[in-house]
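Here's the structure we're looking at; comments come further down.
The values are calculated or read from the model by the stated rules, or taken from the named source; none is laboratory data. Values in this document were obtained by computation on a predicted structure and should not be read as measured data. Methodologically, a virtual Cβ is constructed for each residue, glycine included, from the backbone with ideal geometry; neighbour enumeration extends over all protein chains shown.
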Amino acid sequence: MRLRIAGLVAMGIVLVAPTSAQALGWASESLSPPLGATDALLRDISCPSTSSCTTVGESENAEFSAFDATSYGWNGSSWSNQGTTGLEHPLLAGVSCTSGSFCVAVGGHGEVENEGTLARHWNGSKWSVVTTPNPGSPPRILTSVSCTASNACTAVGWQQGAGPEERESLAIRWNGTSWSAQTTPNPGAAENVLNGVSCTSSTHCVAVGAQSAGEETYTTLAMTWNGTTWTTQSSPNPAGALSASTQAVSCAGSSECTAVGVWQVANGPLPFAMRWNGSSWSMQQVKLPGGTNFGSLSGVSCVSNTFCMAVGDYEIIGKGEFTMAQKWDGTNWTAEKPPSPGTSSNFLSSISCVASNWCDAAGSYLDEESHLVPLIEHFSG
């Protein structure tokens, strides 16, 4: 399957995975790809309550090389397929719901070189495509969205820069009637990509990603929205990092935000987390599970200053790639071991927590026939 990763390319290695026991507090559920699709992966998930979740991603019919966006909904007892966009080559990378009757999913559509922004709105029974702005030059894509009300959503991503190898940050805002483009800073000389956004109100959002001065060497990027303008924040990088990309952010309050991502050492990728206290970002130590070699974090959800759950994957050289979760207790990050049901690569892309004893994570795994299967993993404390 062709994996089109919004923003910076996620690091993943397809290897053979051993059978592992299900960890206490975690349970996994496989979802069937949409009718006619041979593969599907989930990129983002949003749960406004324990009885309502929406997850989005993309699917492929390998026989015809046909791609489509896909989404599933949770009603408190079961998951069901919610349909697709019907647009040309759609990709859904982010979703945010304020209730079971209002969600916004974002991404892009069209051929890669001409890709444009895409937003779909959910009214509780069906998705509709809503017109979005396409500033600058193609390709343009939205990677993440955060809604605090049905008339207040912010989506971020990137657009083509002045040169063929340059990219600029992108943000658009929903006011309940229409989407409009916002002006965003671009501190990196060559590339500025926004991978995640979290809003606590209509006047406070934090967006994260990566910036580059060139030669594909990235450093972390963070900026805030105050209701009027976007402003770049000073953000740290792991000591000794050859490159670093912030992949996701979650804010439990305006002075309580956690961002996670991946940084590169000489031999491979490692996960990191950083914390916003209202005035500055600080780097936090994230330890891989024992016996592992590499890993990355791609999603995070915080319900308070003392509880966050981050997800991604880790690798044991020669054995495989496994789902990973890291739990924050207000002082330290502790590695969790959610199930890895696939016979090959297993990964979690995103997580949404309603409480410290209720989280749903979304991702995918490769089955025995090397097909990508949509995966939901539930944490119950």
remark   = Quick count over region 150-175, residues being closer than 12 Å to residue 190 by Cβ, under 20 Å from the mean Cα position of the chain (by Cα) and small (Gly, Ala, Ser), is 0
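Yes or no, residue by residue, for (1) under 20 Å from residue 210 (Cβ atoms); (2) modelled with pLDDT of 95 or more:
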| position | (1), (2) |
| --- | --- |
| 100 | no, yes |
| 105 | no, yes |
| 110 | no, no |
| 145 | yes, yes |
| 148 | no, yes |
| 153 | no, yes |
| 173 | no, yes |
ask   = Would you say residue 245 is modelled with pLDDT of 95 or more, more than 21 Å from the chain's Cα centre (by Cα) and over 20 Å from residue 149 (Cα atoms)?
value = no
message = Here's a check for you: in region 363-381, which residue that is in a loop (DSSP other than H, G, I, E, B) and in contact (Cβ under 8 Å) with a residue 40 or more places away in the chain is farthest from residue 31 (Cα to Cα)?
response = 381
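Among the residues of region 318-327, count how many are crowded, with 21+ Cβ neighbours inside 10 Å and out of contact with any Phe, Trp or Tyr (no Cβ under 9 Å at 6 or more places or on another chain).
Result for region 318-327: 1.
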query = When the residues of region 263-283 are filtered to those that are within 17 Å of residue 232 (Cβ to Cβ) and without any contact (Cβ under 8 Å) to a residue 40 or more places away in the chain, which remaining residue is nearest to the chain's Cα centre (by Cα)?
reply = 278
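Going by what's in this entry, would residue 273 be described as under 27 Å from residue 374 (Cβ atoms), surrounded by fewer than 24 Cβ atoms within 10 Å (Cβ to Cβ) and among the hydrophobic types (A, V, I, L, M, F, W, C)? Give the derivation first.
Details: under 27 Å from residue 374 (Cβ atoms): yes; surrounded by fewer than 24 Cβ atoms within 10 Å (Cβ to Cβ): yes; among the hydrophobic types (A, V, I, L, M, F, W, C): yes.
So residue 273 fits the description; yes.
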ask   = Scanning region 43-66 for residues that are acidic (Asp, Glu) and assigned to a strand (DSSP E or B), which turns out modelled with the lowest pLDDT?
value = 60
remark   = Note on residue 330: of the conditions (1) surrounded by fewer than 23 Cβ atoms within 10 Å (Cβ to Cβ); (2) at negative phi, unmet is (2)
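Across region 70-84, what is the total count of residues that are at pLDDT below 90 and buried (at least 18 other Cβ atoms within 10 Å of the Cβ)? Spell out how you get there, then give the answer.
The first filter runs over region 70-84 and keeps only residues at pLDDT below 90, leaving 83-84.
Going one step further and asking which of them are buried (at least 18 other Cβ atoms within 10 Å of the Cβ), we end up with 84.
Qualifying residue count for the region: 1.
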ask   = Which condition number in (1) touching a residue at least 40 places away in the same chain (Cβ under 8 Å); (2) of a type in the set (D, E, K, R); (3) surrounded by fewer than 19 Cβ atoms within 10 Å (Cβ to Cβ) is the one that residue 360 fails?
value = (3)
inquiry  = When you scan region 116-130, do you find a residue that is on the phi > 0 side of the Ramachandran plot, more than 21 Å from the chain's Cα centre (by Cα) and without any contact (Cβ under 8 Å) to a residue 40 or more places away in the chain, even just one?
reply    = yes
Search result, residues across region 166-194 that are touching a Lys or Arg at 6+ places or on another chain (Cβ under 9 Å) and either under 20 Å from residue 103 (Cα atoms) or among the hydrophobic types (A, V, I, L, M, F, W, C) (or both) = 170, 179, 180, 181, 190, 193
key: Among the residues listed as 336, 315, the single one being closer than 23 Å to residue 28 by Cα, of a type in the set (Asp, Glu) and crowded, with 24+ Cβ neighbours inside 10 Å   = 315
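Among strands (runs of 3 or more DSSP E) lying entirely in region 235-349, which contain 1 or more residues that are farther than 24 Å from residue 57 by Cα and touching an Asp or Glu at 6+ places or on another chain (Cβ under 8 Å)? Break it down stepwise before answering.
Working: elements: 243-253, 256-264, 269-276, 281-284, 294-304, 307-316, 320-328, 333-336.
In region 235-349, the matching strands (runs of 3 or more DSSP E) lie at 243-253, 269-276, 294-304, 307-316, 320-328.
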